[in-house]
Amino acid sequence: MKPIDLAGFERKFADHADPWSTFTDRDEAHKRGAILHGLGPGPIGRVLELAAGNGSNSVALARRALRLDATEGTQSGVDLVDRALRAAVPGRRHVRVRRLVLPGGFPGGQYDAVVIAEVLYYLSPRDMARVARDVVARLRPGGRLVLAHHRVDYPDFVQYAARIHGRFLAASGAAWRTAGDGRTGRWRVQSYVRR
C-alpha cells in the first residue's frame, strides 16, 4: 500500500462520515479524554486544532475553549467538522472551521493551546518540520501543545510512528517542558508547555 495523500482522505470522508469510528469507538473516546487532560484545566483561551478530520475531537475542544479554530485539509472533512459542531455545540459563535492544507498558513494571532492528532506521520519530514516551526510562531510562550498519535505503524503512513513526537519537537527549534504523557498499546498522547 502506498502512503495516503490528501485526495485519499477526501475520498474517505466523502464516502463515510466516520471512517475510523472516532465518534463511537471506546478507545477513541479514551484518547479524546487524554487529549482534554493534556490541555490542563479549562476553560482555555484560544485553541488551534490542526487536521480535525471529521470533528470528533473538535466537539470536545469547543466545550473547553473560549475560542476554537478547527482546521482540516479536505473539504469533505471541513463539512463534517462543521456539521458535528453545529449539532453538538449550540450557538457556536466562538468556533471557526476552515480549510488548511498542511503545511500552510495558519490563522492569525497567538494561541494558548495547539492540538495535533493523528496527522504527523502522514506528512513528509520536511513538511512536518515546517508545521513544527509554524506552531512555534503561533503558540504563545507558556502555551500548551498536545500531540496524539498511534504508536504502531500502518501501511499508509509516510513516516514511522515511533518517536514522531520527539522528531516534531526537535524540528520546532523551541524549548519544551513535558506536561503530561498518556499511552496505551496503540496510541500516545503527550502534552508540552512552550518555554
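May I ask you to evaluate 6.51 cos²θ - 1.76 cosθ + 1.60, the Karplus curve with θ = phi - 60°, for each residue of the stretch 45-50 and list the ³J(HN,Hα) values in order in whole Hz, giving x for glycine and proline?
Along the stretch 45-50, the couplings run x, 9, 10, 10, 10, 9 Hz.
Pop a pseudo-label 7 angstrom from the Cα along the beta-carbon direction at both D156 and R86 and give the gap in nm to one decimal.
Distance between label points: 2.6 nm.
With every protein chain left in place and a probe of 1.4 Å, what is the accessible surface of R183, to the nearest 10 Å²?
Using a 1.4 Å probe on the heavy atoms, I get roughly 120 Å².
Once the other residues with Cβ under 10 Å from the Cβ of P141 are scored (Lys, Arg +1; Asp, Glu -1), what is the net sum?
After counting each charged neighbour, the total is +3.
Rounded to the nearest 5, what is the percent of antiparallel bridges among the DSSP beta bridges in the stretch 67-168?
Numbers: 0 of 11 bridges.
Counting DSSP beta bridges with both partners in the stretch 67-168, the antiparallel share is about 0 percent.
Could you tell me what percent of the DSSP beta bridges with both partners in the chain are antiparallel, to the nearest 5?
On the way: 14 of 34 bridges.
In the chain, DSSP labels about 40 percent of beta bridges as antiparallel.
Could you point to the residue in S21, H165, G42 farthest towards the positive end of the chain's charge dipole, with +1 and -1 charges on the Cβ of Lys/Arg and Asp/Glu respectively?
Comparing the listed Cα positions along the dipole, G42 ranks first.
What number, rounded to the nearest 500 deg cm²/dmol, is the helix-based mean residue ellipticity at 222 nm of the chain, given -39500 (n - 2.57) per DSSP H run of at least four residues and division by all its residues?
Computed ellipticity for the chain at 222 nm equals -11000 deg cm²/dmol.
When a/c is below 1.5 the answer is rounded, else prolate if a/b is larger than b/c, else oblate, so apply that to the stretch 1-87 with a ≥ b ≥ c taken from the square roots of the Cα gyration tensor eigenvalues.
prolate
Simple spin-label model, 7 Å along Cα-to-Cβ: R63 to R183 in nm?
About 2.8 nm, to one decimal.
Just report the Cα centroid separation between the stretch 1-24 and the stretch 117-195, whole Å.
Using only Cα atoms to place each centre, the spacing works out to 21 Å.
With a 1.4 Å probe and every protein chain left in place, work out the accessible area per residue of the stretch 71-144 in Å², rounded to a whole number.
Roughly 43 Å² per residue, with all protein chains present.
Got a number for carbon plus sulfur as a percent of the stretch 1-147's accessible area, 1.4 Å probe?
Ligands and nucleic acids excluded, carbon and sulfur reach 53 percent.
Could you order peptides 9-22, 52-65 by the average number of other Cβ atoms within 10 Å of their residues, highest first?
Ranked from most to least packed, the peptides come out as 52-65, 9-22.
The values are calculated or read from the model by the stated rules, or taken from the named source; none is laboratory data. Computed from a prediction, not measured in an experiment: that's the story for all the values here. Cβ atoms come from the backbone with ideal geometry, glycine included; neighbour counts cover every protein chain shown. Each accessible area value is taken on the protein alone, full model and side chains, heavy atoms only, with ligands, DNA and RNA left out. Shrake-Rupley method; radii C 1.70, N 1.55, O 1.52, S 1.80 Å.
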